[in-house]
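See below for the structure under consideration.
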């Protein structure tokens, strides 16, 4: 092989997180090519990830052809363009939404219905972590769509940090009602522990609790429902104790 041939060899399959250039796989894959085109339209994989509230790692899996998005994620990706959902899913029809479709009939310059929404993943932390894991482990169970203007009232660094957890039981009533969705900030899982209401794993079970850190790294676990007693843990650590995110607010069920 000549030096010229070596210098023009194939590049990697997805690049590092700092390399934002979308790259299609070597094999022919129309759907992967459409994801690449969508990323180019948005200005790169990282921007597509930000707009769709998906991780750049997940999007790169679609580009490499090792994973296919769910219906909910297809909707989130199409809305990030915005492009036609049918084009993204099948390759049929026009790619770009018309100005009328983008505006939703609200007039020139108004954001369309897809652009006004943020797709927040619904997580199921019941997935068991590895025996020595201290990192959050969960399955995505779909999406909750929230208006961007509603989110703008709060100062989150990125929508990608948000997730939805369904409150089980009445231990946090009346603050959080049973079966109510709670919006959590997943970036809190990697920070120094602070007091507050968190979705966490305690004794192998996912739950929502009010946590208070005491001297000597002791943890006081409190339920807002007075029927449940508070208790303390001595220097809790994973996998029996894992924080998934800090509760930002609850969407109360009627």
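FYI, it's all coordinate maths here, none of it is from the lab. Since we're looking at a predicted model, the values are computed, not measured. Positions of Cβ are generated from backbone atoms using ideal geometry, with glycine treated the same way; all protein chains shown enter the neighbour counts.
Of 241, 143, the sequence from fewest to most neighbouring Cβ atoms within 10 angstrom is 241, 143. Residues 67, 187 in ascending order of nearby Cβ atoms (within 10 Å, fewest first): 67, 187.
Taking R0 as 45 Å, what FRET efficiency do you get between residue 92 and residue 205 from their Cβ-Cβ distance, rounded to the nearest 0.05? After rounding to 0.05, the efficiency reads 0.45.
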